[in-house]
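As structure tokens, the structure follows; a few thoughts come after it.
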Amino acid sequence: MDLKELQTLAKQEQAILNAPCIRCCTVGGCIAAHALEVKQQIEVAIATQPLTSPIQVRGVGCMGLCSRGPLVRLDPAGILYDQVTPDQAPALVQSFHASLQPNPLEDTPPIPPSPHSQPKSQSSTLPSPSPYQPQHHSFFTLQHPIVLENSGHIDPLSIKEYIAKDGYLALYQALYEMTPSEVVDQMTQSGLRGRGGGGYPTGLKWSTVAKMPPGQKYVICNGDEGDPGAFMDRSVLESDPHRVLEGMAIAAYAVGANQGYIYVRGEYPFAINHLQTAIRQARKQGLLGSQIFESPFDFRIDLRIGAGAFVCGEETALMASIEGKRGLPHPRPPYPAESGLWGCPTLINNVETFANIAPIIRNGAAWFAGIGTEQSNGTKVFSLAGKIQNTGLIEVPMGTSLRQIVEQMGGGVLNGTAKAVQTGGPSGGCIPAHAFDTPVDYESLTRLGSIMGSGGMIVMDQSTNMVDVARFFMEFCMEESCGKCIPCRAGTVQLHQLLTKIRNGQARLEELDQLNQLCEMVKQTSLCGLGQSAPNPVLSTLRFFKDEYLTLVQDLSPDDDGL
Ligand SMILES: Cc1cc2nc3c(=O)[nH]c(=O)nc-3n(C[C@H](O)[C@H](O)[C@H](O)COP(=O)(O)O)c2cc1C
Ligand code: SF4
Ligand code: FES
């Protein structure tokens, strides 16, 4: 494919994409809620009803409000329906068809009150539009989609639809209008930081790999996503797989690699399927493989499927796993940028990091650097979960406050008030409600003893016991510890036992000091990030919710010898 063919295809597809269409979310959470049956019944209704204007129906990626699926949107008006059932399909089609007629007011069937207030048996009538209209509801209006700009709009299984949204244009621009070092410079100037958790500057990482002597180099996309409660990367891979492939290809050109791997966990069958399809399509169009865009640049991508070990998300363990060895971390340095896969310089970035690359090349580094805060540029995707009204996937500019996310976008907690937000999964911490005005950026969250992490955000209400939270994450780390080094292998077990003792009201006050000391020891002496960060949830709950620990130990009578 050359530029002219790309542009012609884009134009043709844009006309099709902009036509009136019923869009059904047909990925992850919505599939679990029978979205495929809903789409099928909509197709049946279109085929069997007497319609005077053609109606398209399209399966698309995640629309964000995953917990209210299946979601269906009538475009271009953007009318959103949630929790749609297959038997509502005929009424939806009828209403949409009527709205396309010259005088929709006369023809539109009356809209009954919200289905949420009706008994289920009446659900075969037209559902009311969801109260979460994209144009009005703060769940949507406070978002700034860059990574998710195509999610919910295009069919993830169609390369043509991706191309219609300027897909692969950035790769063309990089190959024909920029030198590899100019691409690296753009990354540096954009201020993009790795979205996999650590926030390492992407430009710096790319330039380290680029500066290594020419020879075999690799690019790896880390799609292991093992944090409990996190589903951002899964959603990006399911909803817009070409975006990740394009980002990887641009990275490969910049650093001089010709082979890439996407490491994705086996529990993500739709992501795997969509990636396989996308790779096949891109190869067929000459956008991956040999002589991409008829240039001298070659780049292949292969998938590697993980078996669900949390530690395999750690970069050195991940590379060992790709090499066919047991997924065990090894000490750094050397860093993968110098000596990675099979000892060769390797660039490893997260799914969301790669998904940011194409828009940065298309719109320029200055555009990206203008979004977010001074030190944390761009946006961040979060999976908003827990005891909150609106759970799902959001993308907000860095610097958005936790209060905006929890209270405005999330609609507040289900019953009562919020107690804390957990960010960063097992490596992160709990931020108390009194600190909700904190802007979400790398530095602010670290100051509060938590981390940005890869984007899991779990809201807790007053009924949550914070010792339980700490114990839950410690249990997770204990089970996921690979056992290679003693501080983590034995330390997480000891910490879990101590937390259990405290939770059961069997611990003495001095054991809280022991807990603290053990946390510091495990943090400082563990070999990899899993052990080094495993104590974080304990330390942050000790910092902000010490009274909950004290209540449990103080209940113990000083004379009680039953320990
Ligand atoms: C225990 C552990 C698990 C990790 N899991 C992931 C993961 O699932 N996805 C990811 O991108 N990074 C994960 N990381 C971070 C990676 O080691 C690495 O820093 C990251 O992939 C680099 O990409 P980035 O610079 O784009 O953030 C994990 C780190 C540790 C210590
Ligand atoms: S810190 Fe834990 S997970 Fe990491 S190498 Fe040591 S035992 Fe394995
Ligand atoms: S999976 Fe359907 S809205 Fe997220």
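The values are calculated or read from the model by the stated rules, or taken from the named source; none is laboratory data. Being a predicted model, the structure only gives us computed values, none of them experimental. Backbone-built Cβ (ideal geometry, glycine too); neighbour counts: all protein chains shown. With ligands, DNA and RNA removed, areas are computed over all heavy atoms of the protein, side chains included. Shrake-Rupley method; radii C 1.70, N 1.55, O 1.52, S 1.80 Å.
Here are a few things to note about the model shown:
- Accessible surface computed residue by residue for the chain, with neighbouring protein chains in place and a 1.4 Å probe, gives 39 Å² per residue.
- Based on C-alpha pairs under 8 angstrom that are at least 6 apart in sequence, the chain has a relative contact order of 13 percent.
- For the chain, the fraction of C-alpha pairs more than 45 angstrom apart is 19%.
- Positive minus negative residues near S138 (Lys, Arg vs Asp, Glu; Cβ under 13 Å): 0
- Within the accessible area of segment 445-515 (1.4 Å probe), percent carbon and sulfur: 50
- Available extension along the chain between V44 and Q7 is 9.9 nm, counting 0.36 nm per residue and deducting the alpha carbon span.
- Under 28 Å of direct C-alpha separation, and excluding same-chain neighbours fewer than eight residues apart, K284 reaches these lysines: K4, K11, K160, K165, K217.
- Positive-pole candidate from G289, P86, Q56, dipole of the chain, charges at beta carbon: G289
- Dipole magnitude for segment 406-563: computed about the Cα centre from +1 point charges on Lys and Arg Cβ and -1 point charges on Asp and Glu Cβ, it is near 440 debye.
- Within the accessible area of segment 15-65 (1.4 Å probe), percent carbon and sulfur: 60
- Unit charges at the beta carbon, dipole of the chain: most positive-side option, C66, V311, G340: G340
- Net charge of neighbours whose Cβ lies under 10 Å from the Cβ of P426, counting Lys and Arg as +1 and Asp and Glu as -1: -3
- Projected label distance in nm at A366 and A490, using a 7 Å step from Cα toward the beta-carbon: 5.9
- For segment 325-363 versus segment 440-473, the gap between their alpha-carbon centres in whole angstrom: 26
- Residue-span extension gain [L51 to Q514] - 0.36 nm each, minus C-alpha spacing: 159.4 nm
- The chain - charge dipole about Cα centre, Lys and Arg +1 at Cβ, Asp and Glu -1, debye rounded to 20: 760
- If only the Cβ of Lys and Arg carry +1 and only the Cβ of Asp and Glu carry -1, the dipole of segment 117-244 around its Cα centre is close to 160 debye.
- Note on segment 467-554: dipole from Cβ charges, positive end direction compared against T541, Q517, V469; the farthest Cα belongs to Q517.
- Counting charges near N390 (Lys, Arg +1; Asp, Glu -1) among other residues having Cβ under 13 Å from its Cβ returns a value of 0.
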